[in-house]
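Data first, discussion second: the structure below is written as structure tokens.
The values are calculated or read from the model by the stated rules, or taken from the named source; none is laboratory data. Here the structure is a predicted model, which is why all the values come from computation and not from measurement. Methodologically, a virtual Cβ is constructed for each residue, glycine included, from the backbone with ideal geometry; neighbour enumeration extends over all protein chains shown. Please note that ligands, DNA and RNA were not included when accessible areas were found on the heavy atoms of the full protein model with its side chains. Shrake-Rupley method; radii C 1.70, N 1.55, O 1.52, S 1.80 Å.
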Amino acid sequence: MTAAEAGQEAGIIDAGPEIRALLSSLNGQRRHVLGILEGLDAEALRLPVLPSGWSCLGLVQHLALDVERFWFRAVFTGDPAVIAALDDIDDAWQVDPGADAAEVLGRYREEAALADAVITSAEADAPLARWPHDQFGAPHLHTLRDVLLHVITETACHAGHLDAARELLDGRRWLVLT
């Protein structure tokens, strides 16, 4: 499958070839994040398996709010409503005990779709609307391309964390090459 075909399959219609390729890579990592969690019940999704105390559900919430929402809608577009809502949750890694697991997973899908709309409406070299100096100091990302590469890397890293967590929970592994 070509990058263009993969982009069209993922619903990417108007983006140029570079954006389609980057978004195809990001979508592969997003599928990995959700795929490695398939079949886990709500209790297992909430169970911390590492000494740091994060759960699989907490990591997905972090990806939804601190990664997809933050980088694409707060930093890249500078959406005032999104920026105002950034402090609504003190720590995205900690899921409210009353939160429904399906809603948290759905929020990740929703934030990914909202990010896709932003990504496909811009050029790869489009500048960022806002830089969070208070969190990251001097800018080290400058364009949509930079943000996409950062988010692909972060999502892939966290997909690996979920691989390890899932194997510790029940022995399941995502991809095993023999």
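Quick notes
- Probe 1.4 Å, protein heavy atoms only - accessible area per residue of the chain in square angstrom: 52
- Contact order for the chain, expressed relative to its length and based on alpha carbon pairs under 8 Å spaced 6+ residues apart, stands at 31 percent.
- Of the listed residues S121, S24, the order by accessible area with a 1.4 Å probe, largest first, is S121, S24.
- Options H62, L86, L144, ranked by Cα towards positive dipole end of the chain, top entry (Cβ charges): L144
- D96-R109 pseudo-label distance in nm [points 7 Å out on the Cα-to-Cβ vector]: 2.1
- Computed [θ] at 222 nm, helices only, for the chain once each DSSP H run of length n ≥ 4 contributes -39500 (n - 2.57): -16500 deg cm²/dmol
- 3J(HN,Hα) along the range 117-130, derived from phi through the Karplus expression 6.51 cos²θ - 1.76 cosθ + 1.60 where θ = phi - 60°, amounts to 4, 5, 4, 6, 9, 9, 7, 4, 8, 5, x, 6, 7, 8 Hz, with x in place of Gly and Pro.
- Rounded, prolate or oblate (a/c below 1.5 giving rounded, otherwise prolate when a/b exceeds b/c) for the range 104-154 by Cα gyration tensor: oblate
- Annotation for the range 23-94: GluC sites (Glu not before Pro) lying in DSSP loop with at most 15 further Cβ atoms inside 10 Å of their Cβ are E38.
- Cα gyration tensor category, rounded, prolate or oblate, for the chain with a/c compared to 1.5: oblate
- Sorting H150, H62 on solvent-accessible area from highest to lowest, probe radius 1.4 Å, gives H150, H62.
- Among the GluC sites (Glu not before Pro) in the range 123-178, those located in a DSSP loop and surrounded by at most 16 other Cβ atoms within 10 Å of their own Cβ are E123.
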